[in-house]
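A short write-up of the structure that comes next.
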Amino acid sequence: MAERSPRSRFAPLQLLKMEVGKAAIKVKGTSVQQAIVAGLMGYRVYMTAAAAHDGPQPGRDRFDSPRAIRAALLPEEVAAFDTAYQQSLRDASESLSLEALQATLANWRRIARMTQADPAAHRRMLQQAERTRQTGQPPENATDWQQLRTELGV
């Protein structure tokens, strides 16, 4: 077997640095870089990765399914959710990528959280947005952009 030069022996380490950057990922008390070096030196390296989070986070899994998100929305938002969800499913089946579906669900999950936090305020916001869309007029007591910049000293 041909002898490798020391430079080529550590080429995977350079690739790791490009992927991870300067952040050292700890795996069972050993950084990934140290584990790769140990592997390159001929040692067997067994690694397991810890979970990305430490237990349940409040509110993170309240709307963990499309059904739960849909149930949390106001009745007037359900049709828009259904349309967006169905479109993202079609896009996912055509592109073989779940990114658009995940982005759609993340967007509607935020809306579901806002809705559940204060349904009446969310409904007022939707009504005001519709009035503004129809009339082109800003909401009552709205501050003009230039006025706001002046007040902020920008």
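Among the candidates Gln127, Gln137, Gln146, which residue alone is assigned to a helix (DSSP H, G or I), farther than 13 Å from Leu73 by Cα and more than 31 Å from the chain's Cα centre (by Cα)? Exactly one of Gln127, Gln137, Gln146 is assigned to a helix (DSSP H, G or I), farther than 13 Å from Leu73 by Cα and more than 31 Å from the chain's Cα centre (by Cα), namely Gln146.
Of all residues being among the acidic types (Asp, Glu) and part of a helix (DSSP H, G or I) in region 64-86, which is surrounded by the most Cβ atoms within 10 Å (Cβ to Cβ)? Just the residue, please. Walk me through it before giving the result.
Applying the first criterion (among the acidic types (Asp, Glu)) to region 64-86 yields 64, 76-77, 82.
So of that shortlist, the ones also part of a helix (DSSP H, G or I) come out as 76-77, 82.
Numbers: Glu76: 11, Glu77: 18, Asp82: 13.
If we take residues in region 64-86 being among the acidic types (Asp, Glu) and part of a helix (DSSP H, G or I), then Glu77 is surrounded by the most Cβ atoms within 10 Å (Cβ to Cβ).
For beta carbons closer than 6 Å, sequence separation of 6+ or different chains, a first residue in region 52-71 that is over 15 Å from Gln116 (Cβ atoms) and a second that is surrounded by 10 or more Cβ atoms within 10 Å (Cβ to Cβ) and at pLDDT 85 or above, the qualifying pairs are Pro66/Tyr85. Contact annotation: residue pairs with Cβ atoms under 9 Å, 6 or more positions apart or on different chains, pairing a residue in region 142-154 that is closer than 22 Å to Ala129 by Cβ with a partner that is among the aliphatic types (A, V, I, L, M) and exposed (fewer than 10 other Cβ atoms within 10 Å of the Cβ), are Leu148/Val154.
Can you confirm whether Leu152 is surrounded by fewer than 14 Cβ atoms within 10 Å (Cβ to Cβ) and out of contact with any Cys (no Cβ under 6 Å at 6 or more places or on another chain)?
Working: surrounded by fewer than 14 Cβ atoms within 10 Å (Cβ to Cβ): yes; out of contact with any Cys (no Cβ under 6 Å at 6 or more places or on another chain): yes.
Judged against the criteria, Leu152 is a match.
The residues of region 104-125 that are among the aliphatic types (A, V, I, L, M) and surrounded by 13 or more Cβ atoms within 10 Å (Cβ to Cβ), listed by number, are Leu105, Ile111, Ala112, Met114, Met125.
The values are calculated or read from the model by the stated rules, or taken from the named source; none is laboratory data. Predicted model, so just to flag it, every value in this text is computed and none were measured. All Cβ positions, even for glycine, are placed from backbone atoms using ideal geometry, and neighbour counts span all protein chains on display.
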